[in-house]
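The structure appears below as structure tokens.
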Amino acid sequence: MDQMMTQTLTPELTRTPPERFPYLSALRGLAALWVIAVHVAHMPQPRMELPAWFEIYVANGVWGVQLFFVVSTFSLCLMQPSHAGERRPLLGFALRRFFRIAPLFYLLIGVTLLSLVQPVTNIFNFNPAGFFINARTILSNVTFAFNLVPGYGHQTSLVLAGWTIGTEMMFYLVFPFVYAHTKSIWLATTAMLISLVVAKVFSMTVALFTADPASYQTYSIFHHLPVFMCGFVAFWALPLLKGRPNSKQIGAALLASVPVQFYAVAGGSVPFVEPYHWLGFMFACLLVGLALCPIRILVNKTTVWIGDISYSVYLVHSLIIVALFPIYKQIQASGGGRIAGFVSCYVLTLACVLPVAAMTYRLLEKPSNNWGKKLASRLAERNERHRIVVREAT
């Protein structure tokens, strides 16, 4: 199996930075655009009314988060071999993840805390969701432990839409262990099946230790773990398929299966597992399909660029949407039709979100990420002369 994997992922001793994988950036970009769509339609009160045939695509934009989860796991697996020579790999991994996530997240926490400053609150509402801000909620968010703590403002995060950050950080705690023990498609599949059992046991027992089991389960890492695990399966499935002479046709077939799976999940008619967990399998098919058969309408300069800044897009877009509520109302009242009104609001939102996200990416996210990588390499004692760089075989 290891020999088969190296046919696709070729380690080279070089100082050259790793090659990019456009399909991964494009998927992040598409996920971000999908999440923005559902928030534009559903965050205003009352939410925008859309025709049922159109609402199914907009409302399920919440699934963009699960697409992020699958892509995140796959990307982490892809990068792990380049850090194999570190003497303290766990420290290096933790530092890289922290500096990738924390700086921008802390900035948004700071923006939220402005709601405690009365003169500022009278002008701007930086806490539109009404989170209860106290020392306990602040501490749980700053330490990234909030996914484990029941209650509004904990699991949901002080940052609008920030609950996913808590879930991701919990997954980072188990990723090195799972990666070290899933070195084949069979082991990855086994781990995914075990995670389904864990998720099921958790759903059956969650009421024993929290007063609001439905809400706690919705955000908990134990509920989302099988979706993450599908990223491991995709990672090991890709090299098995990439070397086949008909790999492009296989990729096209996987992509063609995604709409079918979408309607099956939306209708709740999937076999064996609950529909939510099937999302991991669906997005694994999408990821592997695009890797084998990249479609230009999905993988292009625009989606790749949005994917590069997708973390900033995700964290800043909710506040911008809240600020645009009055303009949304004016657009909706103009009488241009429900779909036309939504599209106008969506385009306006992107016109505001993307420049802000590009700025935060360039001024904060990218510099802190690069600095964190250097610090991680130094403290984890990376040997630069024997740096392993993962390249995707052509």
Excluding ligands and nucleic acids, what accessible area in Å² is computed for Y276 using a 1.4 Å probe, to the nearest 10?
40 Å²
Just grab the label-to-label distance for A135 and L208, each label 7 Å out from Cα along the Cβ direction, in nm (one decimal).
3.3 nm
Could you work out how far apart the two model spin labels at N60 and V343 are, taking each label as a point 7 Å from the Cα in the direction of the beta carbon, and quote it in nm?
2.1 nm
On a 0 to 90 degree scale, rounded to 10, what angle separates helix 366-379 from the longest Cα axis of the chain?
40 degrees
What's the angle, to the nearest 10 degrees (0 to 90), between helix 310-323's Cα axis and the longest principal axis of the chain?
10 degrees
So what's the angle, to the nearest 10 degrees on a 0 to 90 scale, between helix 185-205 and the longest Cα principal axis of the chain?
40 degrees
Can you compute the helix-only [θ] at 222 nm over the chain? Use -39500 (n - 2.57) per DSSP H run of at least 4 residues, normalise by all residues, nearest 500 deg cm²/dmol.
-21500 deg cm²/dmol
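Let me check something: with ligands and nucleic acids excluded, how do C352, C77 order by accessible area (1.4 Å probe), largest to smallest?
So the residues, ranked largest to smallest area, are C352, C77.
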Just read off the accessible area of T302 with the full protein assembly in place, 1.4 Å probe, to the nearest 10 Å².
90 Å²
At 1.4 Å probe size, what's the solvent-accessible area of Y361? Round to the nearest 10 Å².
60 Å²
Quote to one decimal, in nm, the extra length available between R378 and R88 on full extension: 0.36 nm per residue of separation minus the C-alpha distance between them.
103.4 nm
Most to least accessible of I309, I250 (protein chains only, probe 1.4 Å)
I250, I309
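Computed FRET efficiency, Cβ-Cβ of A252 and E274, R0 35 Å: what is it to the nearest 0.05?
So, using R0 = 35 Å, E works out to roughly 0.75.
The values are calculated or read from the model by the stated rules, or taken from the named source; none is laboratory data. Values in this document were obtained by computation on a predicted structure and should not be read as measured data. Cβ sites come from the backbone with ideal geometry, for glycine too, and all protein chains shown count toward neighbours. Protein only, heavy atoms only, side chains kept; ligands, DNA and RNA dropped before computing areas. Shrake-Rupley method; radii C 1.70, N 1.55, O 1.52, S 1.80 Å.
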